[in-house]
Amino acid sequence: MLGALEPASRKRLDPHLEPVTFKLGAMVCDAGGLLKHAYFPLGSVLSLLTVLENGAAIETANIGREGAFGLFAAMYSRVSFNRCIVQLEGHTVRCPIQLLQYEFKNSEHVRDLFVSYSETLLSQVQQTVACNSMHTTEERMCRWLLMMHDRAGGEALPYTHEFLSHILGANRKSVTLAAQSMQAAGLISYRRGTMQVLDRAGLENASCECYAIVKERFDAFLTPPPTAVQGHNAGRKKIGPTEKS
């Protein structure tokens, strides 16, 4: 996201970018909190959780280096709709909201970039809602691990069953059974709170279609066409059982 800014905007923002360090599971902002900064992951991954009245929470989207948490605050409201926690440790920088508000108001390029990313993030939220409602715990866990495997560059993932059950909104027993099944199939290894993807292609085949759909949408955002195609409304090709990956 930062690399996509025009040089003039980046020059104004660079002196105000501040490195921040978060531990796994740390809360960046709670739902209803007032945002003073936007956070740009440069190796970390942030998780957006929808929080219910009884305190239960479930992930509806995650954010890596392609985006930022807090852009809505730069465009419309400074109140966070979601709880944001750290899902993968790594480098993160933050920028004061007021500076981003200035860029949004005064740069057409920044407006297009922020709105396009927000639309892309919304597509992930919508797909995740459908996934959480319609697919099994194992399929959802495969989808989530694939997303994290992409973000972590293939490194081992430091997740406990308890953390995964919280993120997926599933009970711990179902997450444990899913992990055991995936390990027995040779898709992952799991030891002492660390997961390693062993069979990437197998994990993609075991996942629901949601991983491929979200990845396709983010790939389109990251590599936009040179010109916009007007009037094309054929829709997305249906992904069949043999086309998940």
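What is the Cα convex hull volume of the range 135-222 when expressed per residue in Å³?
That works out to 91 Å³ per residue.
For the range 2-131, what D do you get in µm² per second when you plug the Kirkwood radius from alpha-carbon pairs into Stokes-Einstein at 37 °C and 0.692 mPa s?
Calculated translational D: 220 µm²/s.
Could you sort out which of Lys11/Lys36; Lys11/Lys215; Lys36/Lys215 sit more than 26 Å apart by Cα distance in this structure?
Exceeds cut-off: Lys11/Lys215; Lys36/Lys215.
Given the options Thr223, Thr176, Thr136, which has the most mean-square fluctuation in a GNM of the chain, springs set between C-alpha atoms less than 10 angstrom apart?
Among Thr223, Thr176, Thr136, the largest GNM mean-square fluctuation belongs to Thr223.
Considering the chain as a Gaussian network with a 10 Å cut-off on Cα pairs, which listed residue, Gly25, Gly67, Gly193, attains the greatest mean-square fluctuation?
Looking only at Gly25, Gly67, Gly193, the biggest GNM fluctuation is shown by Gly193.
Expressed in nm to one decimal, what extension gain is obtained for the pair Leu24 and Gln98 from 0.36 nm per residue of sequence separation less their Cα-Cα distance?
Once the chain is fully extended between Leu24 and Gln98, it gains 23.9 nm.
Measure nothing but the geometry: give the 0 to 90° angle between the long axis through the Cα atoms of 108-134 and the longest principal axis through the Cα atoms of the chain, rounded to 10°.
Computed tilt is about 20 degrees.
For the chain, count all C-alpha to C-alpha pairs, find those more than 34 Å apart, and express that count as a whole percent of the total.
The proportion of pairs with Cα distances above 34 Å equals 18 percent.
Against the longest alpha carbon principal axis of the chain, how many degrees, from 0 to 90 and to the nearest 10, is the axis of helix 97-106 turned?
Between helix and principal axis, roughly 60 degrees.
When Lys and Arg each count +1 and Asp and Glu each count -1, what net charge do the other residues less than 12 Å away from Cys29, Cβ to Cβ, add up to?
Result for the local shell: +3.
Report the label-to-label distance for His91 and Leu222 in nanometres (one decimal), using points 7 Å from each Cα along the Cα→Cβ vector.
1.7
Could you work out the helix-only [θ] at 222 nm for the chain, with each DSSP H run of four or more residues adding -39,500 (n - 2.57) and the total divided by the number of residues, to the nearest 500 deg cm²/dmol?
The helix-only estimate for the chain comes to -13000 deg cm²/dmol at 222 nm.
Can you return the aspartates and glutamates within cross-link range of Lys173? Criterion is Cα-Cα under 17 Å, with same-chain partners fewer than 8 residues away left out.
The qualifying aspartates and glutamates are Glu138, Glu139, Glu162.
Would you mind checking the tilt of helix 210-222 against the longest principal axis of the Cα atoms of the chain, expressed as 0 to 90 degrees and rounded to 10?
Computed tilt is about 20 degrees.
Where a number appears in this text, it was derived from the coordinates with a stated rule and is not lab data. Model, not experiment: these values are computed from the prediction. Note: ideal-geometry Cβ built from the backbone for every residue, glycine included; neighbour counts use all protein chains shown.
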